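This report concerns only the one structure given below.
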C-alpha cells in the first residue's frame, strides 16, 4: 500500500474516531458511577440536531456547541430521574430516550426546515473547520513525519484536539480528585459511599451531567464539524460502537482512546476499500468492510478480550437495605 | 474499683423511648438503653428482634418515629450517616461496606478525603493509618487491594475506617459471622485494646458464647423490645438464651446411642480440584453407615465444600469413587442422585439452596419439580404444590405461614427451614448437609438439630459438614477432621474441643 494512502486513511481514522471518543468518555463517567447508559446514541443524535439548528440560526459554532451540550445534559437528567430517583430499569430508560431522540429530531426537523428531516445548510461561520498548525506546509517535505504531521496531526478542527485533551483530563478527574474517587466507589459499592455519609443520588446525578456534557461534544462534532447540517439518524449506531469500545477498554480512559482509534481506523479502511479489489479474491462488496466494526463489536462483546469486569453496582438502582 | 464506678456513671450513649414502625411491623418498641463509656456492651436477640433496626437508627439510616438519642449526655438528632459520623459513631456492618477493587487506603479515605484533590489527603491518611496500627495493633498494608485480603483483614479495614473518622463509639453488627475462630480471637483482642483505650463498643450478635467471652454488659432484645440488661459476669448462657427466645431452650442436643447398620455412603480415594485446577480434596476415603451421623470438622476452605459438591454431583471428581448404597454415582447429575435417595442441604442457601425471588411454595419443590405429585408433563399442578408447601410449613413451623410470600422476605432461620423441609421430607436414605445452622437463630437451630437426629434414628446415613465445632461435637457420632484437603484424623463424637482444634489447625493428627 502506498504510504500516502496509508496516511490519508490514518487522517480519516482520526476524524471518524472523534465522535466515538467523546461518547465513550461520556459513557465512562456514567458507567463508572454505576449507571448503564445505552442512551448515548440518543444523546449524540439529539445534540447533533440541537447544535445544527442553533448554529444555522445564529451562525455561531460555539452557540451550536452550547446547545448540543445543553440538550445532552437534559437527556442525561431525564435518564437520571428515571433510573436514580425513581429506580427504574436503566436499559429501558436508555432505549426509550434513544427512540425519543430518533423520532423528535425527524419531526422537529421536518416542521422547521421541511427537508425530510435535514436541517438547513449551516454557514461556514457556524461550523468548526480545520486548523492548520504552524509549520504544516514546511514539514510536508520531511519524509514520513512530514506528511503525518501535515495530514494527520494538523488540519483538524478544535473539537478533535479537545477530544484528545479530554482523555488525560478524564483520567485525572477519575484518579486524582475526590469527585473521581467517590464516583468510582459509587459504581462499585454504593453502600460504602452511603455509609461514609455521602449522597449516592447527588453523586450519580453529577456523573450523569458530565456524561451529558461530553456526549454534547460528540453530537456537535457530527453535525457542524464533520458535516454542515443535521441529517436523519446521522449518529447511525455510533453510540453503540462507543459503548463497545468502552467495554473493550475495560472502563479505563487511555484504553478507551485506543479502542476508539481502532474502530475509527476500521471505518476509514472500509471507506477506502469501496470499489477496490482484494488480491486473490477480487472485488468484494463494500458492505463486508462496512460490517467490520460491527463484527468486531460482536466478537469483543462475546468475551474475546479476557474478562471485562464491569463496575459491580452497574445497572442496579440503589436502595438502602432494611 | 473506683475506675469501674467512674465508667458506670458516665454513659456514652443513652437511648430513651426509641420507637420505630415499618408499616404494620413494629420493629422497635419504646427502647431504653444506656451504654457506659469505655465498656463493651453486647446486644443479643434472634433474627428479626430489632437489633439491626435500632443500630440503623443510631447510624442515621432510619429515623425513629419517637424517642431521643443522647451522646455523652447531650441530646443529638441524627439525620443521616454524616451526622452519626460527626457525633463520633462508627459502624462495622455485617456485610462490609468496602469497595473491593480499591486499596485499603482509598477505602479508608472515602468520604474523608481532606480536600478536592487526593494528593494531600493520601499522605495524611497514610500517617494516620500508621498511628492507628501502632496504637491498636490493627496492622493492614495500606496499599493492598481489598478483594485480595482475607475476610479478617477486610474487617480490620472497616474498623480502621471508623477510627479514622474519629469514632469514639464503635458498633459491630454480627462481626464474627464470616470469621474463622482464629480471626475472631484476633478481633476480640483488638476490641479489648480499644476498650482499654477508652472507646465504647457495641457488639450485636446472636452468638451467646461471644457475649460471654467479650462483653462487660449485655442487653437482650426480643420482638422489638429490650427485655433485659445484665452484667455479663452475673448471668449465664442458659438465662440469656431463655430471655432471647422467651422460653427454655436446649442448648445441647439430646440423643441416644447410635445404631450403625450397613454402609450407605462410601467415598473411596476421592480427589477433587477446583475451577483453577488446585487440588481441594486429596485422596479422601470414608464410609457413612445407616443410622449414624458423621461430622466433618475443619476451618472453612480446607476442602469441605468441594467434598460436599462432589458427593452431591455438582462438581466432577478428578479421581476416586463415590458409592451410594453400593452403586457408583459416576456420571450422575444431581437429579439422578435424588432418584438414588440422596438429599443435599447446601452450605449456602442463598447461592444454591433457594431462589430468593421465588415465592415460598416454588422453592419448596425446587429440584423435585419433575415429581408426578406436582404435575404431569410440562405443567405444574399448582394446587398440589401449594398444599404440599402448606403441610411443610405447618410441620416445620415456618413463619410467617404463607406459601405465597417471596422467599427473600423470610428470616434466615425460616429460609433454612424451607430448605431443610424440602430435603428431609423426601425421606432420603443418605442426607448430606453443609452448615445447617449458619445465620440461623437459636430457636431454629434447636429445631433443625432435632430433625437431623430424627433422620439418624430412622436409619438414614447423615454426613454433616460445619465450621461450628460445637455443632459438629453435639451432633456427630464420629468426627473426621479435614485439613488442607486431607482427612487428618477420626475421633469419636465425645472428642474434646482442644484435640479437634489442634487437628483442624494441622498441628496434631
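General observations
- Condition check for residue A:146: assigned to a loop (DSSP other than H, G, I, E, B) and more than 14 Å from chain B (Cβ to nearest Cβ): no
- Summed over the range B:473-493, the residues that are touching a helix residue (DSSP H, G or I) at 6+ places or on another chain (Cβ under 8 Å), surrounded by fewer than 20 Cβ atoms within 10 Å (Cβ to Cβ) and assigned to a loop (DSSP other than H, G, I, E, B) give a count of 1.
- The sole residue among B:107, B:47 that is at the interface with chain A (Cβ under 8 Å from one of its Cβ atoms) and in contact with a helix residue (DSSP H, G or I) (Cβ under 9 Å, 6 or more places away or on another chain) is B:107.
- Check on residue A:195, at pLDDT below 95 and either out of contact with any strand residue (DSSP E or B) (no Cβ under 6 Å at 6 or more places or on another chain) or more than 14 Å from chain B (Cβ to nearest Cβ) (or both): yes
- Single residue of the range B:127-141 satisfying the filter (exposed (fewer than 15 other Cβ atoms within 10 Å of the Cβ) and touching a helix residue (DSSP H, G or I) at 6+ places or on another chain (Cβ under 7 Å)) that is farthest from the other protein chains (Cβ to nearest Cβ): B:137
- In the range A:125-143, the residues that are in a helix (DSSP H, G or I) and free of Cβ contacts under 8 Å to residues at least 60 places away in the same chain: A:136, A:137, A:138, A:139
- Filtered residues of the range B:452-466 (kept if touching a helix residue (DSSP H, G or I) at 6+ places or on another chain (Cβ under 8 Å) and either within 18 Å of residue B:311 (Cα to Cα) or part of a loop (DSSP other than H, G, I, E, B) (or both)): B:462, B:463, B:464, B:465, B:466
- Candidate set from the range B:69-95 (those that are facing chain A (nearest Cβ under 8 Å) and in contact (Cβ under 8 Å) with a residue 24 or more places away in the chain); member that is surrounded by the most Cβ atoms within 10 Å (Cβ to Cβ): B:84
- All conditions in (1) more than 13 Å from every other protein chain (Cβ to nearest Cβ); (2) more than 30 Å from residue A:115 (Cα to Cα); (3) buried (at least 19 other Cβ atoms within 10 Å of the Cβ) hold for residue A:217, with the sole exception of (2).
- Residues in the range A:93-123 that are without any contact (Cβ under 8 Å) to a residue 60 or more places away in the chain and not in a loop (DSSP other than H, G, I, E, B): 16 in all.
- Residue list for the range B:310-339, restricted to those being under 30 Å from residue B:179 (Cα atoms), touching a helix residue (DSSP H, G or I) at 6+ places or on another chain (Cβ under 9 Å) and in a helix (DSSP H, G or I): B:311
Every residue, every condition in (1) in contact with a strand residue (DSSP E or B) (Cβ under 8 Å, 6 or more places away or on another chain); (2) at positive phi; (3) not assigned by TED's automatic domain parsing to the domain that holds residue B:279, yes or no:
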residue	(1), (2), (3)
B:454	no, no, no
B:459	no, yes, no
B:477	yes, no, no
B:484	yes, yes, no
B:494	no, no, no
B:497	no, no, no
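The values are calculated or read from the model by the stated rules, or taken from the named source; none is laboratory data. From a predicted model like this one, the values you see are computed outputs, not experimental measurements. Cβ: placed from backbone, ideal geometry, glycine included. Neighbour counts: every protein chain shown.
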